[in-house]
1. Can you list the helices (runs of 4 or more DSSP H) found entirely within the range 41-130 that contain at least 3 residues being in contact with a strand residue (DSSP E or B) (Cβ under 6 Å, 6 or more places away or on another chain) and either closer than 18 Å to residue 22 by Cα or of a type in the set (Ser, Thr, Tyr) (or both)?
2. Please go through the range 34-81 and pick out each residue that is basic (Lys, Arg), surrounded by fewer than 21 Cβ atoms within 10 Å (Cβ to Cβ) and within 14 Å of residue 9 (Cβ to Cβ).
3. Do any residues in the range 55-68 that are touching a residue at least 12 places away in the same chain (Cβ under 8 Å) have Cβ atoms under 8 Å from those of residues that are part of a loop (DSSP other than H, G, I, E, B) and hydrophobic (A, V, I, L, M, F, W, C), where the two are at least six apart or on different chains, and which pairs are they?
4. Check the range 84-106 and report whether any residue there is closer than 21 Å to residue 43 by Cβ, in contact (Cβ under 8 Å) with a residue 60 or more places away in the chain and loosely packed, with under 14 Cβ neighbours inside 10 Å.
5. State all residues of the range 15-30 that are touching a Lys or Arg at 6+ places or on another chain (Cβ under 8 Å) and in a loop (DSSP other than H, G, I, E, B); if no residue qualifies, say none.
Amino acid sequence: MAEQYYEGVGRRKTSTARVRITKGTGDFTVNGKTLEEFFTREGDVTVIMSPLEDAGSKGTVNISAKVQGGGVTGQAGAIRMGIARALIKMAPDLDREMRKGGHVTRDPRMKERKKPGLKRARKAPTYTKR
């Protein structure tokens, strides 16, 4: 019989992460690689591990994440939200703790679209009087 797992989906900018949590020894895989292989920046690893530290379940659960789209930091934020949602499914009493830490709140910031007549979203061409 398959092992019991809890799944959570997290999103940030254009990244989407599907995270599965099972009881275990603390193994962490992202798209088939270890966490440190996939995320080389220390700050991204800290962001990802923050829900586990708040829940006090670091090293007691195995995590498998499939992430796609966006950049490295967006993917880290998506995994963070997915972990928080899966932890809430695993232990509903953690809901208040996850919300207090801001792990479940979707970050609404997105890339602003380019406007016609401008070079980028807000940068205008240089004004010349003559």
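The values are calculated or read from the model by the stated rules, or taken from the named source; none is laboratory data. Quick caveat: nothing in here was measured; it's all calculated off a predicted structure. Methodologically, a virtual Cβ is constructed for each residue, glycine included, from the backbone with ideal geometry; neighbour enumeration extends over all protein chains shown.
1. 72-90
2. Of everything in the range 34-81, just one residue is basic (Lys, Arg), surrounded by fewer than 21 Cβ atoms within 10 Å (Cβ to Cβ) and within 14 Å of residue 9 (Cβ to Cβ), namely 66.
3. Qualifying pairs under 8 Å: 55/91.
4. Within the range 84-106 (the criterion being closer than 21 Å to residue 43 by Cβ, in contact (Cβ under 8 Å) with a residue 60 or more places away in the chain and loosely packed, with under 14 Cβ neighbours inside 10 Å), the answer is yes, since at least one residue qualifies.
5. 26
Residues are listed down the side, and each one gets a yes or a no for (1) modelled with pLDDT of 95 or more; (2) of a type in the set (A, V, I, L, M); (3) within 12 Å of the chain's Cα centre (by Cα):
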| residue | (1), (2), (3) |
| --- | --- |
| 2 | no, yes, no |
| 30 | yes, yes, yes |
| 53 | no, no, no |
| 56 | no, no, no |
| 70 | no, no, yes |
